[in-house]
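Q: There's a structure below that I have some questions on.
The values are calculated or read from the model by the stated rules, or taken from the named source; none is laboratory data. For clarity, every value in this text was computed on a predicted model and none was experimentally measured. Ideal geometry is used to build each Cβ from the backbone, glycine not excepted, and the neighbour counts take in all protein chains shown.
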Amino acid sequence: MKAARVVPLAVLMAASGMALAQPAGIKRTDLQRQDLVVPGREVVQVRVDFAPGAAFARHSHPGEEIAYVLEGSLEYQFDGKPPVTLKAGDALYIPAGTIHSAKNVGSRKGAELATYFVEKGKPLLAEVNDRPSR
């Protein structure tokens, strides 16, 4: 098993051809990337650490995500729905293409294990700049 490596978000985005500024207080650690038996699909696991109050802007993924909260309290916001707050030990399924954001709403560090089942060769994350209508 190879050791985990810390990959700044800006590097991940540059490698995938995306331009997205590194969110303040967010650190992503790339844990593994493996091909699935389904042609053209792969699984990617990433640890995401959030400083208190740190937020990850609205974005989507080219596949499903399962977020498992490792520590702290994280709030997930989906367009048109009330926010969902999870604590350590809670998990959340996010369907492919769903626009969402995440924020550490606790007073201490928060962290999640994000597991993505995505289309191989596509950027892992797509930033969404437009705001939803209210």
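Q: Those residues that are polar (S, T, N, Q), out of contact with any Leu (no Cβ under 7 Å at 6 or more places or on another chain) and in a strand (DSSP E or B), I need them from the range 86-110; list them, please.
A: Step one: of the range 86-110, the residues polar (S, T, N, Q) are 98, 101, 104, 107.
Among the residues that remain, those that are also out of contact with any Leu (no Cβ under 7 Å at 6 or more places or on another chain) are: 98, 101, 107.
The one that is polar (S, T, N, Q), out of contact with any Leu (no Cβ under 7 Å at 6 or more places or on another chain) and in a strand (DSSP E or B): SER101.
Q: Kindly indicate which of ALA88, ALA51, ALA55 is modelled with pLDDT of 95 or more and surrounded by 17 or more Cβ atoms within 10 Å (Cβ to Cβ). I'd like the intermediate steps shown before the answer.
A: Working: ALA88 fails: surrounded by 17 or more Cβ atoms within 10 Å (Cβ to Cβ); ALA51 fails: surrounded by 17 or more Cβ atoms within 10 Å (Cβ to Cβ).
From the options ALA88, ALA51, ALA55, the qualifying one is ALA55.
Q: Would a scan of the range 108-118 turn up a residue that is closer than 30 Å to PRO39 by Cβ and free of Cβ contacts under 8 Å to residues at least 40 places away in the same chain?
A: no
Q: Out of everything in the range 58-81 that is over 19 Å from ALA126 (Cα atoms) and in contact with a Lys or Arg (Cβ under 8 Å, 6 or more places away or on another chain), what residue ends up being surrounded by the most Cβ atoms within 10 Å (Cβ to Cβ)?
A: Among them, the one singled out is LEU74.
Q: Just the residues that are within 23 Å of VAL43 (Cβ to Cβ) and of a type outside the set (A, V, I, L, M), please, taken from the range 62-92.
A: Those that are within 23 Å of VAL43 (Cβ to Cβ) and of a type outside the set (A, V, I, L, M): PRO62, GLY63, GLU64, GLU65, TYR68, GLU71, TYR76, PHE78, GLY89, ASP90.
Q: Follow-up. Name the single residue that is surrounded by the fewest Cβ atoms within 10 Å (Cβ to Cβ) among those in the range 34-48 being farther than 14 Å from LEU113 by Cβ and touching a strand residue (DSSP E or B) at 6+ places or on another chain (Cβ under 8 Å).
A: By that ranking, first place goes to GLN34.
Q: Same structure, new question: Taking VAL43 as meeting all but one of (1) more than 17 Å from ALA96 (Cβ to Cβ); (2) modelled with pLDDT of 95 or more, write down the number of the exception.
A: (1)
Q: Residue by residue through the range 82-99, note down the ones that are under 27 Å from GLY121 (Cβ atoms) and of a type in the set (S, T, N, Q).
A: THR98
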